[in-house]
Amino acid sequence: LVCVITDITDLKRAEEENRIFKTISDVALYGKGIFDLDGNIQYVNRFFAEIHGYSTEELTERHLSIFHTTKQMGAMERLVASVNQDGHFGPVEVWHLHRNGTEFPMLMNSVLIRDENGSPKCIAASAVDMTAFYHAEQNYRALFREMLNGFALHEMLYDQSGKAVDYRFLEVNPAFERLTGLKAESVVGRTALEVLPGTERHWIETFGQVTLSGEPVFFEQYSAELGKYFEVTAFRPEPGRFACIFQDITERKQADETLRRTLADAQFLRHEAEAANRAKSAFLANMSHEIRTPLNGVIGFLGLLADTPLDETQREYLGNVDVSAHLLLNILSNVLDISKIEAERLELKPAFSNLRESLRRALAPLRAAAAEKDIALTSVVEANVPERAVFDSVRLEQVLVNLVSNAVKFTEKGSVELSLHFAPLSGNTGAFTFSVKDTGIGVAPEAEERIFEPFYQVDDSDTRKYGGAGLGLSICKRLLQKMGSELRVESVPGKGSRFYFTLRLPCGEGAAETPSEEAGAVRVCAGRRLPGPEKEHPVVMIVEDDRLNMKMLAVIVSKIAPSVAVLQAEDGERGVALFKERRPDLVFMDLQMPVKDGFQACAEIRALEMKDASPERGRCCIIALTADVMPETRSECLARGMDDYLAKPVRKEEIMAVVERCLGIKRSDI
């Protein structure tokens, strides 16, 4: 038995490489081919075959002449000869013949392949179909010929020194006549200065430079004689001559001028609108100050009055007044919020807060109004609702107050229910669905969209019967959109409505603890003075030009911290003077005051502290009091040396939090 073993590894590797090459080639979007030195086809890929109307099988062992006419083949043979001589050709445009007899261009490259001994072995070629480019070029040339309609050929004229002095018209086309209104017979053979005496010397020199250098120029020119603007391309077709392509752009120039004036008008109107918006913001801020300042006193003294002995009737009356005051505050907040939302200046301040507390606070000011109408006002919170989540409690409560207030307002009998449903989601988030359901008058289907528009009332009679400015639902919708939710409504006229929305909120142990800036826990800067054991009686100064508010604040501070000495100053100048004398530990500083405003007083106090700094004295805590609730006001307060601000009307809880943190008095002591 005789066995012969042959190593065919290289053969198999070559076969595999050949298979991979053909697979890649067949999906290529350009032609590939391999030809022997006589032009016989050894291989073409699918694209090369199909672009000529063949299959790859049909082209096996055929000659490349199948791709060319007799005339084309002559050029192709010269290219093949150059490959054999130079080792390559291309890229070059070569015309090919389709099976159906049509001719088309291809951009070809070719290279000579040599064997391991350096002898020519075959020719490899690649080809890109240029048909689309060819047609595009043809279309471009046709379009260009149309653009050449406005054409004039000139001969440049020089003086004895070689300086260009004029030029003569040699030829013009019909479009030149149409565009300029000049007839060929009146211009051909004549010079520019004869035809157009107003021709400027500058243009003669420009055309002379084109004729000498051969560099084309492009420019716009106004002809006073013709009263038209022209777009001109000047070039040198041959030595001593230049040609111009004309395009009448008078209408475009007029349109540009109209556009320029329109843009100028639009710019003016934009500035006017911005000025009007600034005026509106200033008005709203001023209105806020003028209303919130007395309202601060009203609500503050109502709170103080509630802490005194009252009989049942007096307490009921007091509750009604307090509800009315807070509803007035809510309307004012809505007007300001609409302005901030429209100006895209409203910012959410999410923090870790108690959901049940938010629902309780939202219902509290509305219970008296519901009881007066004998309406059952209830809340239903499902047992699985987490105690706390990350959300803007102030804005959420504002939405709920508006929705419940509307429900109470438009319900004559029956009930209003605020409910909260929870569905856990992935991670530490959940879907919280808030719903306000009533048995009121309902909403007609055609009005369900429009009720969310600002100031919209379903009927004028609604305003007379139920009151309101028509802002509540609009505010709710826009606030919820900022929160990533949508306010929806289901309603049956005469039977009631259900307004609901869903918030995706972080909750549970994985939710980040975020300090709240709205919960009364004001931020106090590092380095403030905390009274030590040696200072048994901290000093608080109230700088406020409204005597009613000053007295109210003084009473609240004295009640919650009896050991505190309270100083009172009616303006910033008096406040600075008192600061020099007594060096208070905490200052409540109104911003808008006569003589010297809060910012000026704060700056002088900080300067005094810097001048007389010592570890024992520390840094006084200054809290701004302002009725201006615009977001930039708080930023300005912090930037100008204050530690935080409280917006009027100020709640007793907020003052308590300030006293606790700034003076080191623990809540148990209060």
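The values are calculated or read from the model by the stated rules, or taken from the named source; none is laboratory data. Everything quoted here is computed from the prediction, not taken from an experiment. Neighbour counts run over all protein chains shown; Cβ positions are idealised from the backbone, glycine included.
Name the strands (runs of 3 or more DSSP E) wholly inside segment 69-184 in which the number of residues that are under 20 Å from Val44 (Cβ atoms), in contact (Cβ under 8 Å) with a residue 12 or more places away in the chain and within 59 Å of the chain's Cα centre (by Cα) is 2 or more.
Per the criteria, 88-97, 103-114, 120-129.
Can you tell me how many residues in segment 332-374 are without any contact (Cβ under 8 Å) to a residue 12 or more places away in the chain and not acidic (Asp, Glu)?
Residues that pass the stated criteria total 3.
Just name the residue that is modelled with the lowest pLDDT out of those in segment 287-324 that are acidic (Asp, Glu) and farther than 21 Å from Gln398 by Cβ.
Glu290
Among the residues of segment 559-608, write down those that are among the β-branched types (Val, Ile, Thr) and surrounded by fewer than 18 Cβ atoms within 10 Å (Cβ to Cβ).
Residue satisfying the conditions is Val595 alone.
What's the number of the only condition in (1) at pLDDT 90 or above; (2) out of contact with any Gly (no Cβ under 7 Å at 6 or more places or on another chain) that Gln600 fails to meet?
(2)
With the structure loaded, tell me whether Ala519 is over 29 Å from Phe352 (Cβ atoms), of a type in the set (A, V, I, L, M) and either part of a loop (DSSP other than H, G, I, E, B) or at pLDDT below 50 (or both) or whether it fails that test.
For Ala519, the condition - over 29 Å from Phe352 (Cβ atoms), of a type in the set (A, V, I, L, M) and either part of a loop (DSSP other than H, G, I, E, B) or at pLDDT below 50 (or both) - is not met.
Can you find even one residue in segment 212-228 that is part of a helix (DSSP H, G or I) and surrounded by 14 or more Cβ atoms within 10 Å (Cβ to Cβ)?
Checked against the condition, which is being part of a helix (DSSP H, G or I) and surrounded by 14 or more Cβ atoms within 10 Å (Cβ to Cβ), segment 212-228 yields at least one hit.
Can we say Ser491 is at pLDDT 90 or above, assigned to a strand (DSSP E or B) and among the hydroxyl-bearing types (Ser, Thr, Tyr)?
Spelling it out, Ser491 is indeed at pLDDT 90 or above, assigned to a strand (DSSP E or B) and among the hydroxyl-bearing types (Ser, Thr, Tyr).
For the condition modelled with pLDDT under 90 and not assigned by TED's automatic domain parsing to the domain that holds Ala125, what is the one hit in Val80, Val2?
After applying the criteria, what remains is Val2.
Which one of these is modelled with pLDDT under 85, touching a Ser or Thr at 6+ places or on another chain (Cβ under 8 Å) and farther than 27 Å from Glu372 by Cβ: Leu327, Leu284?
Being modelled with pLDDT under 85, touching a Ser or Thr at 6+ places or on another chain (Cβ under 8 Å) and farther than 27 Å from Glu372 by Cβ holds for just one of Leu327, Leu284, which is Leu284.
I need the helices (runs of 4 or more DSSP H) fully contained in segment 354-421, keeping only those with at least 1 residues that are buried (at least 20 other Cβ atoms within 10 Å of the Cβ) and under 36 Å from the mean Cα position of the chain (by Cα).
Qualifying helices (runs of 4 or more DSSP H): 355-363, 393-409.
Kindly indicate which of Leu346, Leu332 is buried (at least 16 other Cβ atoms within 10 Å of the Cβ), under 35 Å from the mean Cα position of the chain (by Cα) and not in a helix (DSSP H, G or I).
From the options Leu346, Leu332, the qualifying one is Leu346.
Limited to segment 545-572, what total is found for residues that are in a strand (DSSP E or B) and in contact (Cβ under 8 Å) with a residue 60 or more places away in the chain?
Qualifying residue count for the region: 0.
Can you spot a residue in segment 454-466 that is assigned by TED's automatic domain parsing to the domain that holds Ala376, among the small types (Gly, Ala, Ser) and either modelled with pLDDT of 75 or more or within 19 Å of Glu372 (Cβ to Cβ) (or both)?
No, every residue in segment 454-466 fails to be assigned by TED's automatic domain parsing to the domain that holds Ala376, among the small types (Gly, Ala, Ser) and either modelled with pLDDT of 75 or more or within 19 Å of Glu372 (Cβ to Cβ) (or both).
Looking at (1) part of a loop (DSSP other than H, G, I, E, B); (2) modelled with pLDDT of 90 or more; (3) closer than 18 Å to Ser353 by Cβ, which is the only condition Phe501 fails?
(1)
Give the number of residues within segment 40-68 that are among the aliphatic types (A, V, I, L, M) and touching a residue at least 40 places away in the same chain (Cβ under 8 Å).
Going through segment 40-68 one residue at a time, the tally reaches 1.
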